[in-house]
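Derivation of every value follows stated rules applied to the coordinates shown; laboratory data play no part. Worth saying up front: this structure is predicted, and the values here are computed from it rather than measured. Positions of Cβ are backbone-derived with ideal geometry, glycine not excepted, and every protein chain shown enters the neighbour counts.
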Ligand code: SAH
């Protein structure tokens with residue numbers, strides 16, 4: 001395994017470690033709103049394919065080797081830098097969102113609108129972290145399928161999810177969320 005491939009798998013393990021305790025605790029929470037459509041389930045499944053299944057096939061067999069490419073070495077190091085930033089933003093957003101986190105569109109009975117920490121600057125730091133990740137992935141896994149599938153799937157997921165999520169948040173938190181939207185950017189901080 002090459003050093004860049006190893007960096008990718010280390011990042012996956014670190015993200016699993018960050019998420020595991022929260023995932024366990026949130027299962028005990030009572031939910032007051034759940035908006036999980038078939039479209040969302042399909043997209044979450046495709047994300048799993050892009051983030052885990054294709055990379056596992058790439059790293060454990062030569063089935064995908066017909067789609068390999070060789071970028072310059074600096075591209076791999078740029079990938080390491082980007083995935084490190086992705087994991088850092090992922091960790092910060094979990095620390096700030098706490099039990100309000102959910103893999104799908106859900107609101108718990110005790111849901112709080114988080115507007116502090118990294119959420120003070122941007123509304124979707126977890127998705128920002130995922131953008132960094134999907135840009136890093138084709139630099140680390142140098143294969144058209146294992147590298148790029150996740151980028152395409154996530155781009156589609158992002159635009160559909162953010163629309164539905166912000167609609168839900170506005171319906172449930174009203175002006176509080178609308179005011180919050182005025183002060184923040186989606187994945188880049190608002191300038192000025
Ligand atoms: N879009 C956010 C959160 C992703 S997790 C991010 O990228 O960081 C998805 C869940 O987070 C949704 O079910 C929603 O209930 C919750 N959520 C999103 N923004 C929130 C906020 N500012 N405060 C509390 N919960 C939030």
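Miscellaneous remarks
- Residues (surrounded by fewer than 16 Cβ atoms within 10 Å (Cβ to Cβ), closer than 25 Å to residue 29 by Cβ and either without any contact (Cβ under 8 Å) to a residue 24 or more places away in the chain or more than 16 Å from the ligand (Cβ to nearest atom) (or both)) located in the stretch 62-105: 95
- Residue 78 vs. criteria assigned to a loop (DSSP other than H, G, I, E, B), more than 17 Å from residue 149 (Cα to Cα) and over 17 Å from the mean Cα position of the chain (by Cα): no
- Considering residues of the stretch 104-122 that are assigned to a loop (DSSP other than H, G, I, E, B) and touching a helix residue (DSSP H, G or I) at 6+ places or on another chain (Cβ under 7 Å) only, the residue nearest to residue 185 (Cα to Cα): 115
- Test for residue 178: is it more than 30 Å from residue 60 (Cα to Cα) and surrounded by 14 or more Cβ atoms within 10 Å (Cβ to Cβ): no
- Of the residues examined, residue 174 is not one that is more than 16 Å from the chain's Cα centre (by Cα), on the phi > 0 side of the Ramachandran plot and within 11 Å of the ligand (Cβ to nearest atom).
- Number of positions in the stretch 6-44 that are surrounded by 12 or more Cβ atoms within 10 Å (Cβ to Cβ) and closer than 19 Å to residue 130 by Cα: 16
- Which numbered condition residue 43 misses (of (1) assigned to a helix (DSSP H, G or I); (2) within 18 Å of residue 125 (Cβ to Cβ); (3) touching a residue at least 60 places away in the same chain (Cβ under 8 Å)): (2)
- Filtering the stretch 155-169 for residues that are over 30 Å from residue 65 (Cβ atoms), outside any loop (DSSP other than H, G, I, E, B), touching a residue at least 40 places away in the same chain (Cβ under 8 Å) and more than 9 Å from the ligand (Cβ to nearest atom) leaves a non-empty set.
- Options 133, 144; residue that is in contact (Cβ under 8 Å) with a residue 60 or more places away in the chain, closer than 30 Å to residue 62 by Cα, out of contact with any strand residue (DSSP E or B) (no Cβ under 6 Å at 6 or more places or on another chain) and surrounded by fewer than 19 Cβ atoms within 10 Å (Cβ to Cβ): 144
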